[in-house]
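Here the structure comes first, spelled out in structure tokens, and everything after it is commentary.
The values are calculated or read from the model by the stated rules, or taken from the named source; none is laboratory data. All values reported here derive from a predicted model rather than from experimental measurement. Quick reminder, even Gly has a Cβ in these numbers, built from the backbone with ideal geometry, and neighbours come from all protein chains shown. Surface areas here come from the heavy atoms of the whole protein model, side chains and all, with no ligands, DNA or RNA. Shrake-Rupley method; radii C 1.70, N 1.55, O 1.52, S 1.80 Å.
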Amino acid sequence: MEQRRFSGNSHWYHETQSTLTSQAAPLVPEAADIEDRFLLGLAPLCEGELKNILQQAQPALLASRDLYQLLFPRQLSTSHTHTLTLYDRLSTALTVAQVTGVQRLCNHYAARLNPLSGPDSSRESNRRLTQITEYARQLASQPTLIDAAALQRLDDVGLTAPDIITFSQIIGFVSYQARLVAGINALLALPVRWIPGVPVPEDADAECFDHTGPWLPQLPPVELRYASASQLEALTFCQPQQALSESAWLLAHDAAALYGWSLLINTLEAPLETSEGALAAAATARINGSPACFYRYANETLRTALKEGIEHAVATATSHEQAVIQLAAQLTRSPERFNAAHLQPLSESGLPLQAVFGVIQSVALANWNNRLLQTLGSTRAAE
């Protein structure tokens, strides 16, 4: 359904509230104009070995910055099939940033959102923005809350299949960005800021992993006969990647995001394939309730222990494995509380700093991947 929007209202509109009064400026307005819009000013603070590690990680960081520019451009035009406005995108990003509690992200996305005019104050726009915000909050906090009914509610308020794919990529990207920023913040031993009283989301129930069928999309994928040149190019590029073998034709609704996502996965191949990176990704998938990602982990003994629960796996693992699982758990559950103390056990077990950074990258990327597969498909045989 085409969204009806009216210009000239100049209303500030957040979730379900609108007002004719002018909007207060963000607390850190300069955060909108920061040069590095992915690491948000952390890179210049890195020195010595950490600076060298970031230099070696430049391919992944460049791919991440390109994805940011793609998902949050300075200007954006909508169409009948791509109805998400720049306001929709940045409002979603701010919601996810607020869920993660990472202050740098909250400052940045609030500052970018601030000058934009919100949607009109019609009932239709109110309902649409409410659904978008609630969906983003649920997926960012507990992916298992998202089901086919939640997807249907997005369709009911007029989001198209390409919209939903882009929307999911945005939520995944900011979830990934938050955990990488939190990880570097911890490596720098910077003070931790978190919001008191915010509960830690519960881990997914073990029953989520009883469904071991093939992952099947819950939205119609792109059909070959209708695929555009850009979609075919993106699909060709990502075909060799196992992580995208089942979802590529669905994600191709946003070909540019699929291409950028695939490029990022390519640049992170080394840290993802280490034993620590694979275990961290499995622990992350266990917390988020993503069986499609969880069962890619090849170590059956640890996988069985993880299925019982994170604490059970920690109790049965070696000290080195315990350190990896606990780091992944803390960074996945509460990135805003992640600090240098959570890194210490891995360093004490003899893992080099570059490998520790690789574990952080693996957890961050897994949080993105889990949210895509949890949202857009299912391993339940009946679905």
Can you find, within the stretch 74-121, the residue that is surrounded by the most Cβ atoms within 10 Å (Cβ to Cβ) among those that are in contact with a helix residue (DSSP H, G or I) (Cβ under 8 Å, 6 or more places away or on another chain) and of a type in the set (Val, Ile, Thr)?
92
Out of 303, 296, sole residue that is under 16 Å from residue 204 (Cα atoms), without any contact (Cβ under 8 Å) to a residue 60 or more places away in the chain and open to solvent by 20 Å² or more (accessible area, probe 1.4 Å)
303
Considering every residue within the stretch 322-330, establish whether at least one is out of contact with any Asp or Glu (no Cβ under 7 Å at 6 or more places or on another chain), of a type outside the set (Ser, Thr, Tyr), surrounded by fewer than 22 Cβ atoms within 10 Å (Cβ to Cβ) and part of a loop (DSSP other than H, G, I, E, B).
no
Checking 236, 212 in turn, the sole residue that is modelled with pLDDT under 90 and either open to solvent by 80 Å² or more (accessible area, probe 1.4 Å) or outside any helix (DSSP H, G or I) (or both) turns out to be 212
Could you say whether any residue in the stretch 187-206 is buried (at least 16 other Cβ atoms within 10 Å of the Cβ), modelled with pLDDT of 90 or more and over 19 Å from the mean Cα position of the chain (by Cα)?
yes
Quickly run through the stretch 146-190 and pick out the residues that are of a type in the set (A, V, I, L, M, F, W, C), assigned to a helix (DSSP H, G or I) and farther than 26 Å from residue 222 by Cα.
178, 180, 181, 182, 184, 186, 187
Among the candidates 350, 358, which residue alone is part of a loop (DSSP other than H, G, I, E, B) and out of contact with any Cys (no Cβ under 8 Å at 6 or more places or on another chain)?
350
In the stretch 306-318, how many residues are touching a residue at least 24 places away in the same chain (Cβ under 8 Å), aliphatic (A, V, I, L, M) and farther than 13 Å from residue 278 by Cβ?
2
Residue list for the stretch 118-145, filter: of a type in the set (S, T, N, Q), under 24 Å from residue 100 (Cβ atoms) and either over 24 Å from the mean Cα position of the chain (by Cα) or not in a helix (DSSP H, G or I) (or both):
142
From the list 378, 347, 290, which one is open to solvent by 10 Å² or more (accessible area, probe 1.4 Å) and in contact (Cβ under 8 Å) with a residue 12 or more places away in the chain?
378
